[in-house]
Amino acid sequence: MKTKILKMLNESEDFLSGQQLCETFGVSRTAVWKVIDQLKKEGYEIEAVRNKGYRLVGRPDLLSKSEIESRLKTDTMGRPVVYYEETDSTNTRAKEAGEEGMAEGTLFVADRQSAGKGRRGRQWSSPSGENIYMTLLLRPQINPSKASEMTLLMALAVADGIKKCTGENVGIKWPNDVIIGGKKVCGILTEMSTEIEYINYVVIGVGINVNQETFPEEIENVATSLKLAVGDMVDRAALTAEVMESFERIYRKFLESEDLAGVREEYESMLLNKNQKVRVLEPGHEYEAVALGITETGELIVQTPDGEVQHVYAGEVSVRGVYGYV
Ligand code: BTN
């Protein structure tokens, strides 16, 4: 009932009558008042006017289960949300749940991580009250060799979600860094458990720098947050829900063809490297080329100065912009 009342308050500009709430939920006025009181204690500013009812006038940037669930418009993604004020890593929680048989679409969200994991064994700094740390549990019935393509799907969903929430010009640095103003705003870490023939589960962990205002010196040239880029606070729960909605749409297309064919055009429209010079860093071999787009399986298509077209595999090489990070 709390989630539903919050959803109604969020969606209504006008007062919600107390009487109507009682009738909708078949409960007493006291029961409704208790829920309102609980929401106030969580930091929601709710105006209560006799004969008019309740109206939401201010909300905290809270990442609670009900705050996220009340905004979700999806069928399966983010259903349910498992929320932690603090955990070591949402990827670890999601993998445990994967082993225990929890359903596809379950989303693990934390306000703070004490041992956030980045790619290549790095740490992912995860302070409280500012950012999004979430991991989605999936059970796609596809060949395990295709699972790595799902990281690109999530990058696209995050970029699309940010664009819809903030209107900001956001792009992707192949394969899965989400970039604003030349700096990284989101990192994605995909882990999985597979047999030779099938996937047990895939977990996609997403860290979005949302309202963080300062970064350590070592990364301040390459990392930013939405608040720094937009100049205003961004609602973490709304963005989480928006990313889930985009992911659901994109994932459906992916499952139809079991590759990126159906989302390739959309991905390329956000690909910052497209038609740009890139430096391809292969172990023991570096070269410059122009990025043309991606293949249906997510490799970067590049053309070398002598006209040769090559496919660059993520994981084996990394790509840098010639004039900077992107
Ligand atoms: C990167 O190195 O770019 C990937 C960073 C991924 C961070 C996210 S935060 C939520 C999830 N839980 C983790 O421990 N890591 C991922």
Among the residues in the stretch 137-152, are any touching a strand residue (DSSP E or B) at 6+ places or on another chain (Cβ under 7 Å), basic (Lys, Arg) and either surrounded by fewer than 21 Cβ atoms within 10 Å (Cβ to Cβ) or farther than 29 Å from residue 264 by Cβ (or both)? yes
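Rundown of residues vs (1) farther than 14 Å from residue 175 by Cα; (2) small (Gly, Ala, Ser); (3) without any contact (Cβ under 8 Å) to a residue 12 or more places away in the chain; (4) surrounded by 14 or more Cβ atoms within 10 Å (Cβ to Cβ), yes/no style:
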position: 248; (1), (2), (3), (4): yes, no, no, yes
position: 259; (1), (2), (3), (4): yes, no, no, yes
position: 267; (1), (2), (3), (4): no, no, no, yes
position: 277; (1), (2), (3), (4): yes, no, no, yes
position: 284; (1), (2), (3), (4): yes, yes, yes, no
position: 294; (1), (2), (3), (4): no, no, no, yes
position: 300; (1), (2), (3), (4): no, no, no, yes
position: 313; (1), (2), (3), (4): no, no, no, yes
Filter the stretch 142-181 for residues that are at pLDDT 95 or above and of a type in the set (S, T, N, Q); the one that is nearest to residue 233 (Cα to Cα) is 166
Contact list, first residue from the stretch 116-133 and within 16 Å of residue 224 (Cβ to Cβ), second anywhere and more than 9 Å from the ligand (Cβ to nearest atom) and hydrophobic (A, V, I, L, M, F, W, C), beta-carbon distance below 7 Å, six or more apart or interchain, is 130/210; 131/210; 132/210; 132/239
Say whether the condition of being over 16 Å from residue 83 (Cα atoms), of a type outside the set (Asp, Glu), within 9 Å of the ligand (Cβ to nearest atom) and not in a strand (DSSP E or B) is met by at least one residue in the stretch 126-143. no
Could you please let me know if residue 30 is surrounded by fewer than 21 Cβ atoms within 10 Å (Cβ to Cβ), more than 30 Å from residue 125 (Cβ to Cβ) and over 28 Å from the mean Cα position of the chain (by Cα)? yes
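I need the strands (runs of 3 or more DSSP E) fully contained in the stretch 172-212, keeping only those with at least 3 residues that are hydrophobic (A, V, I, L, M, F, W, C) and within 13 Å of the ligand (Cβ to nearest atom).
Details: elements: 177-180, 183-194, 199-208.
Because the criterion is at least 3 residues that are hydrophobic (A, V, I, L, M, F, W, C) and within 13 Å of the ligand (Cβ to nearest atom), the strands (runs of 3 or more DSSP E) in the stretch 172-212 that meet it are 183-194, 199-208.
The values are calculated or read from the model by the stated rules, or taken from the named source; none is laboratory data. Worth saying up front: this structure is predicted, and the values here are computed from it rather than measured. Cβ coordinates were reconstructed from backbone atoms using ideal geometry, including for glycine residues, and neighbour counts include every protein chain displayed.
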